[in-house]
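Engineer: Handing you a structure now.
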Amino acid sequence: MRDRVWIVAGLLLFLAVITYPFWHGVEARATSQPPVLVLPAHEKECVAPISYMRTSHMKLLLDWRNSVVRNDQRKYVSYDGKVYDMSLTGTCMKCHEKKGFCDRCHEYAGVGTPYCWNCHVDPALAEVKRP
Amino acid sequence: MFMVEKALVGSRRYWLWVGGLLAVIGLSFIAYLYQLSHGLGVTGMSRNVSWGLYIGQFTFMVGVAASAVMVVLPYYLHNHKEFARMTVLGEFLAVSSVTMCMLFVFVDMGRPMRVFNVFLYPQFHSVMFWDMLSLSGYLLINAAITLVSLHAEQSDLHPPRWIKPIILLSIPWAISIHTVTAFLYAGLPGRMSWRTPIMAPRFLASAFAAGPALLILLCLLLRKLTGYDVGKKAIQGLSVIVTYAMAINVFFILMQLFTAMYSNVPGLTEEFQDLYLGTEAHTSLLPWGRISLLLMVVALILLLIPKVRHNERTLAAACVLVFSSLWIDKGVCMVVCGFITSPLGTITRYVPTLPEMTITLGVWAVGAIMVTVFYKIALSVEIAREAPAAAAYEFAERSAAAGHAEILSSPGATGGSHA
Amino acid sequence: MKFTRREFVELSGACLVALSGRKVLAVFTGAKESEAASTGEATSTKKRLGMLIDTKKCLRAQNCTKCIEACDQAHNIPVFQNPAHQIKWIWEEPFDDLFSPAETQYLEKDRKDVLTPVLCNQCDEPPCVRVCPTGATWKREADGIVMMDWHRCIGCRYCMAACPYGSRSFNWVDPRTGLKTLNPDFPTRTQGVVEKCTFCAERLDKGQLPACVEACPEKAMVFGDLNDPQSEIRQLLASSYALRRRPELGTGPNVYYLI
Amino acid sequence: MSVFSSLILVLVFAALAYAGGLAGSSRWFMGVILPYTAILVFLGGLSYRVLRWAKSPVPFHIPTTCGQQKSLPWLKWSWLENPQSKGGVLLRMALEVLLFRSLFRNSRAQFLDGPRLRYGEEKFLWLSALAFHWSLLIILIRHLRFFVSPVPRFVMGLEAVDGFFQVSAPQLLVTDVVILAALLFLLQRRLRNPQVRYISLFTDYFALFLLLGIAFSGVLMRYFFRVDLERVKEVALGLVTFSPTVPAGVGPLFFVHLTLVSLLLIYFPFSKLVHMGGIFLSPTRNLANDSRVKRHVNPWDYPVKVHTYAEWEEEFHDKIKAAGLPLERE
């Protein structure tokens, strides 16, 4: 019947749309390789185990923020007993840079830029003029 | 449950009106997106006048919402049967205006994306928390009452018993929303012109004048457009309420005026100087204040004359005066007046900007569309119930919509494929 | 008359509710902290930070804005030409406007108009804290600083209406548009939140003085614990007559002005 | 009974996946073999179903939908229900697919004292169905961030709108809340409404529980037991680029999610869920109601041998006449 043409066309369109990731992957020659991150040169260990940081760094940052802002507790005792200053720009950003570390992975995983950066200043981007 | 399809059929005029309102809402949504990305700096508000048109409108609409009590109370507590047809209209007006209130607060927020913080970190010592609680409670109560009673009416049932205590609860609750909103202002130590115990009574008096005045206008409009009549008695009854409330409101203003002017305490006189008297520096609110006062007095005089009140044409005119004077008084002057002289004595001008006015208009359009749709639903239920002929017509229409009537009305409809 | 057990339990419950009424009221008015403070037992351990501004010393250095500059630099305070959008933590106002004008009627005009530093009074009974619907601003138990959480502020500006000192500013526009340089040690704020002076809470934690106090070349600002009778600020307040802004409102401001 | 058996079945699948996620060897099965199978079955099965529908004859040109067909000028034509043109059909179909208009008309019969029968409106089914389907669509589009690299802008934009409200971190997504609420509402409706419960079968509950399991495991993974997104993306990208990997460090919860999704995909073409394709083929929605203006002839009509009375009379003319019977034509 004449309708069958429409049905088949519709089906093909649907298949084309639904397989978008496949043919886009082929077209863009995408690989499943994760981004290469700029790791700190002078520091070997983080404030928490790497596996924890990979999954839960946002939780840690929220905990730090509440602790510092609301409870005035600024010291963090890490899992291996070291004491750190709870500070995004002072502690995290001393080792990690926003562009090469945070952004690269966030872009890869499509997480978007969190609103941290609405306020907190990436030291690398700031024209530092200290009093 | 909510009979929306009743609002999806209508005349050309109806759709033009709805379409126009939707266009306004769309436009104001664009304005809101602009405000969202550029910040509240696109409004006329400033460091000194930090609340403006939005919060003024919010305050005024809380009054309109609370005024539903002026039809609910006589009907349910005093058995004023003539208010029967008007009660559901009043409750729907309340639902719409509370929604407008919430929208006005939302568009006034600097970080609307954090609106849930109010629920996530409730602060019992903040009047704003209680105001939000009482407003959302009032919305829920009125939504439940209107839904249940309309549903019962439509299915020819008595409303369920549990709704009666909720209706009774809505009466003190209505008083509470405007009282708590007054506390929002009256509880601040530094703003002398707000810090008066008469704030809440005055809010209520002006609300019980403005809200019923709007309801009278809506009822007259409804009769003209749809032929649905709430009854002359109901309108007259309401007009008496408007008159009393307006008289009390003007009386309260005079009391405040006396206290301020006779005591001559600078903090107290400030408000009246800004609004009515004027000094060399305070001028921006002066015309508004004076027009509002003038309209209030004229409206009150008109309403006090029985002849004027009994004639629905002149009553309508008086209601327009009541509504507009109180809109200026509360929606434009009241909030700004508290800010115009800053704590450090600076006098700041406040003029709303175009985006600000567009957004305000958009919220009004949302309210108007809600009232339109609600009234249309309410009317179609009422008309179906009261006029058997109309009900029969509606039955035919409904069964046609369900696909039954086609065969009856169009013989040979099925002939095509067999021929 | 004989009480049953049940009646007794009910009655005592009712009494408890009645007794706790005062406590409930305290929750609503946020008066809890003052109660603790007035009983005296807590005062010995808790600090109450305050500031004294010696206006005479300040007057000596005319056109000096070192304290303001230091604060602006330390806290990424943007500069906007439009007065409506200005952000102020510490700023100058004519002396006359700070206090009741009637009291300075015969003061010479140049004395009246002399610019005097103004900042958040870190009140004992802060109205801004009382009205905040989210707890984005609160009074720190340990030292009495009225703190702000810019992560939580929803920008309703109720605190601005409540503050009788005009100490609060709102970010009407993105503050970064008004900043030429960014100080990475302190966050900027995001568009749509309220902010104010916090007595440099972040510097105090590091054992430093507030930026304005440190920057003042005339040493016109004295900062210290008002609960400590031995502190410099208490010594000065004991020996001289100092003014506070609008104390009649019951807010208990903690910034004093030496005339 | 079917409620519990379907719930238990979904739970068993989830538990197996969780246990498998912990073990080494089955990870390859759940992370690679099962997803590929699922995609193949889904695409193949769906195509098979649709093509079979395409072959089935549609015997009648259905003229009655729900409203007045275009007729005499004084009869009000409900143009949206009974379109006469292709454009009108397209509009009607679009509104059906996007807004579920048929469901909007859903009503509820009620017996009142009397006894009287009353039809009342029932909009909650429509509302929750709409909420569920739209949330699901948005969530699916959002998931493209795992399958496409670099992540397209519209995906990021959609996520930004979905995550407008700043609650917690990772930021709360509104559709996550809506889809769970809508599914739970649909489930309780099925359980609490006696009429609906009576007609509910194992398959109805199974689909609901499967979807709930998927949404729930997703929510758990995002907000509560966070997983390593980079690893998750590696798995997803590996699948679509035909270079599958299952890196260590992906939590077992991810395998629960992935396995339930795979099961849904496999189940999809053979269940009522295939209404996704079927909706486009409903004859009351995709045929123009033009039987009054257009003559429709069955294309497979074969010539029927017709013997009219006139012919019969002709044939037996003489005999009838001889019998003295009346004739129509002399």
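The values are calculated or read from the model by the stated rules, or taken from the named source; none is laboratory data. In this text the structure is predicted, and so the values were computed from the model without any measurement. Cβ sites come from the backbone with ideal geometry, for glycine too, and all protein chains shown count toward neighbours. Remember, those area values only see protein heavy atoms, side chains included, never the ligands or the DNA or RNA. Shrake-Rupley method; radii C 1.70, N 1.55, O 1.52, S 1.80 Å.
Engineer: If you line up the long axis of helix B:312-326 against the longest principal axis of chain B, both from Cα atoms, how many degrees apart are they, to the nearest 10?
Structural biologist: The two axes meet at around 50 degrees.
Engineer: Quick check for me: using +1 on Lys/Arg Cβ and -1 on Asp/Glu Cβ, what's the dipole size of the protein assembly as shown about its Cα centre, in debye to the nearest 20?
Structural biologist: The calculated dipole for the protein assembly as shown is roughly 1140 debye.
Engineer: Per DSSP H run of at least 4 residues, take -39500 (n - 2.57); add these up for chain D, divide by its residues and hand me the 222 nm value, nearest 500 deg cm²/dmol.
Structural biologist: Calculated at 222 nm, the ellipticity per residue is -17500 deg cm²/dmol.
Engineer: So what's the angle, to the nearest 10 degrees on a 0 to 90 scale, between helix B:163-186 and the longest Cα principal axis of chain B?
Structural biologist: Helix B:163-186 and the main axis of chain B meet at about 30 degrees.
Engineer: GNM on chain B, C-alpha springs below 10 Å: top fluctuator among B:Leu293, B:Leu188, B:Leu303?
Structural biologist: So, out of B:Leu293, B:Leu188, B:Leu303, the one fluctuating most is B:Leu188.
Engineer: Distance between Cα centroids, segment C:57-89 to segment B:61-120: provide it in whole Å.
Structural biologist: Between the Cα centre of segment C:57-89 and that of segment B:61-120, the gap is 45 Å.
Engineer: Sequence neighbours fewer than 8 away in the same chain don't count; with that in mind, list the lysines whose C-alpha is under 25 Å from C:Lys109.
Structural biologist: Within the straight-line limit of under 25 Å, C:Lys109 reaches these lysines: C:Lys56, C:Lys57, C:Lys66.
Engineer: Probe of 1.4 angstrom, ligands and nucleic acids ignored: what's the accessible area per residue over the protein assembly as shown, in square angstrom? Let's see the in-between values first.
Structural biologist: On the way: 56170 Å² over 1139 residues.
That works out to 49 Å² per residue.
Engineer: Mind checking which of B:Ala365, B:Ala23, B:Ala205 has the largest fluctuation in a GNM of chain B, springs on alpha carbons under 10 Å?
Structural biologist: Largest GNM mean-square fluctuation: B:Ala23.
Engineer: So for each of C:231-237, B:155-161 I average, over its residues, the number of other beta carbons within 10 Å; can you give me the resulting order with the highest mean first?
Structural biologist: Going from most to least packed, we get C:231-237, B:155-161.
Engineer: Once you keep just the Cα pairs under 8 angstrom separated by 6 or more residues, what percentage relative contact order results for chain D?
Structural biologist: Working: 340 pairs, mean separation 104.1, N = 330.
It comes to 32 percent, rounded to a whole number.
Engineer: In whole Å, largest first, what are the principal axis extents of the Cα atoms in the protein assembly as shown?
Structural biologist: Sorted from largest, the Cα extents of the protein assembly as shown read 148, 90, 76 Å.
Engineer: Note down the Stokes-Einstein diffusion coefficient of segment B:77-221 in µm²/s, whole number, using a Kirkwood radius over alpha carbon pairs, 37 °C, and 0.692 mPa s.
Structural biologist: Reported coefficient: 191 µm²/s.
Engineer: Same structure, new question: Mind checking which of D:Arg222, D:Arg105, D:Arg145 has the largest fluctuation in a GNM of chain D, springs on alpha carbons under 10 Å?
Structural biologist: Between D:Arg222, D:Arg105, D:Arg145, it is D:Arg105 that shows the largest mean-square fluctuation.
Engineer: Let me ask something additional. If you wrap a convex hull around the Cα atoms of segment D:230-311, how much volume per residue is inside, in Å³?
Structural biologist: Values: hull volume 17.6 nm³, N = 82.
Measuring per residue, one finds 215 Å³ for the Cα hull of segment D:230-311.
Engineer: Report the net charge of residues surrounding D:Leu201, where surrounding means a beta-carbon distance below 13 angstrom and charges are Lys +1, Arg +1, Asp -1, Glu -1. Could the numbers behind the result be given before it?
Structural biologist: On the way: positive: D:Arg190, D:Arg197, D:Lys272; negative: D:Asp204.
Overall, the nearby charge balance is +2.
Engineer: What are the principal axis extents of the Cα atoms in chain D, in Å, biggest first?
Structural biologist: 102, 53, 45
Engineer: Here's a follow-up. Please give the per residue volume of the convex hull enclosing the alpha carbon atoms of chain B, rounded to a whole number of Å³. All intermediate terms of the calculation are to be shown ahead of the outcome.
Structural biologist: Numbers: hull volume 75.1 nm³, N = 419.
In chain B, the Cα convex hull volume per residue is 179 Å³.
Engineer: Need the C-alpha centroid separation for segment D:3-65 versus segment D:163-234, integer Å.
Structural biologist: That distance is 18 Å.
Engineer: Can you return the lysines within cross-link range of B:Lys232? Criterion is Cα-Cα under 19 Å, with same-chain partners fewer than 8 residues away left out.
Structural biologist: Those lysines meeting the cut-off are B:Lys81, B:Lys224, B:Lys307.
Engineer: Mind checking D:200-206 for the average number of partner chain beta-carbons within 10 Å of each residue's beta-carbon?
Structural biologist: Details: counts 0, 0, 0, 0, 0, 0, 0.
That works out to 0 on average.
Engineer: Just to confirm my numbers, what's the Cα centroid distance between segment D:70-106 and segment C:161-183 in Å?
Structural biologist: Taking the Cα centre of segment C:161-183 as reference, the centre of segment D:70-106 is 55 Å away.
Engineer: Among rounded, prolate and oblate, which fits chain A when a ≥ b ≥ c are the square roots of the eigenvalues of its C-alpha gyration tensor, a/c under 1.5 means rounded, and a/b larger than b/c means prolate?
Structural biologist: Judged from the Cα gyration tensor, chain A comes out prolate (a/c at least 1.5, a/b above b/c).
Engineer: Is there a pair in C:Lys139/C:Lys206; A:Lys82/C:Lys139; D:Lys55/D:Lys305; C:Lys196/C:Lys219; B:Lys376/D:Lys86 whose C-alpha atoms are over 26 Å apart, and which pairs would that be?
Structural biologist: A:Lys82/C:Lys139; D:Lys55/D:Lys305; B:Lys376/D:Lys86
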